[in-house]
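Q: There's a structure below that I have some questions on.
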Amino acid sequence: MNDIVAFLCHFGVASSHLVMRVCLQLMMTQINYLALDQLTTLARGLSGMNETRQTRWLREAIAVLCNTRDDQIDVLSLEHKIYLLEEFGHRLQYTYQLLESLWDEKSEFRNWQQATGFFVALAKAASRFADGDSKRSSCRHEYLEEWCMDILYQQHIWMGFKDIEAVLGAFVQLRVYDADMFRILGNRTEQLSSELNSQLSVWNLLADADYMHVGLMEAVLTDLKISDVQQMSFDMQLSLLHFLAEAVNYYRGHGTSSEQLSYGGFGDRITACVEELSRMLQMPENVPAGECSVLYNLVNLIL
């Protein structure tokens, strides 16, 4: 039955489909007999479905049962171990043993997809522990993190926007600071395209990691057009205001004269963009309740 459910999941059969509902109901009577690798495969399949009472019950049962299968770690594939860490790392009693098992198989980490997946899984597991939780340290492995970081150094040229966003988001959650890697990922983003939203998203993640990537900042300013601003969602407009405030603050702190060389040569563009944003955000229908004071302070900070 597990193979049938995996087959249906692979072809995207919905959790509400009659055949899937029947199979899931049967799965609920057999789940106690599944090995760790089968439980992990089932969990991956269920994660892509819309949640129902059946899928919710099965996922909870999988989490409980996985915690009793620590003697089966060695039979898992590398991908299964990473997924187990991501989904249930915060609940397992053997999280550190799982990381040690991954370290023992470090030679199997061969590509940036695996390294990125590891950091994302590690961040997700660690983020589910409260700050100060004594178990949080069990979700970290210094040597394995360094190993995967080396892979990213070697293969970053193959990474796309979504991959860069994913790994930077993980670094922020894990509080990993690597200035050389941040510079490389910022440079890579510049090379990929001039798509404003993607560049702005990556720049903001770098800023969240306390890294100022001047080249990427100037690429965003160079490509910034009023038409882009008008097409943005409110959240993106707010993100842009934060970006412009950081850019102005940077140029005010670097340079020699005349409002620090007119914001690095981008003064007119920054001013026009902020004025357009200010005009648009003064319309009540464009601003969610409670955000007006935030926007007012940001605009005053820049102009």
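Q: Would you list 7, 161 from the most to the least accessible area, probe 1.4 Å?
A: 7, 161
Q: Kindly state, to the nearest 0.05, the FRET efficiency for residue 157 paired with residue 127, given R0 = 45 Å and r defined as their beta-carbon distance.
A: 0.95
Q: On a full-extension model of 0.36 nm per residue, what is the gain between residue 7 and residue 75, subtracting their alpha-carbon distance, rounded to one decimal in nm?
A: Between residue 7 and residue 75, full extension yields 22.4 nm more.
Q: Using Cα pairs closer than 8 Å and at least 6 residues apart in sequence, work out the relative contact order for segment 24-173, in percent.
A: About 23 percent, as a whole number.
Q: Calculate, for segment 88-197, the solvent-accessible area per residue in square angstrom, rolling a 1.4 angstrom probe over the heavy atoms of the protein chains.
A: Result: 49 Å² per residue.
Q: To the nearest 10 Å², what's residue 17's accessible area with a 1.4 Å probe?
A: Taking all protein chains as shown, residue 17 has close to 90 Å².
Q: How far is it, in nm, from the label point at residue 56 to the one at residue 236 when both lie 7 Å from their Cα along the line to the Cβ?
A: Placing both labels 7 Å beyond Cα along the Cβ direction yields 3.4 nm.
Q: If we sort 215-223, 48-56 on the protection proxy, mean other Cβ atoms within 10 Å, highest first, what's the order?
A: Ranking the peptides 215-223, 48-56 by packing returns 215-223, 48-56.
Q: Could you look at segment 61-134 and say what percent of its accessible area is carbon and sulfur, using a 1.4 Å probe and all protein chains?
A: The nonpolar share, carbon plus sulfur, comes to 45 percent.
Q: On to the next question. Taking R0 as 51 Å, what's the FRET efficiency between residue 222 and residue 101 from their Cβ-Cβ distance, rounded to 0.05?
A: The formula returns an efficiency of 0.60 here.
Q: To the nearest 10 Å², what's residue 194's accessible area with a 1.4 Å probe?
A: It works out to around 70 Å².
Q: Assign one of three labels to segment 60-134, namely rounded, prolate or oblate, based on the Cα gyration tensor with a ≥ b ≥ c the square roots of its eigenvalues; rounded applies when a/c is under 1.5, prolate when it is not and a/b is larger than b/c, and oblate otherwise.
A: Oblate, since a/c reaches 1.5 and b/c is not below a/b.
Q: Then there's this: Starting from the Cα of residue 16, step 7 Å along the direction of its Cβ; do the same at residue 271; then give the gap between the two resulting points in nm.
A: Inter-label distance under the simple model: 5.5 nm.
The values are calculated or read from the model by the stated rules, or taken from the named source; none is laboratory data. It should be emphasised that the depicted structure is a prediction, and the values quoted were computed from it without experimental measurement. All Cβ positions, glycine included, derive from the backbone under ideal geometry; neighbour counts span all protein chains shown. Ligands, DNA and RNA are excluded from the accessible area calculation, which covers all protein heavy atoms including side chains. Shrake-Rupley method; radii C 1.70, N 1.55, O 1.52, S 1.80 Å.
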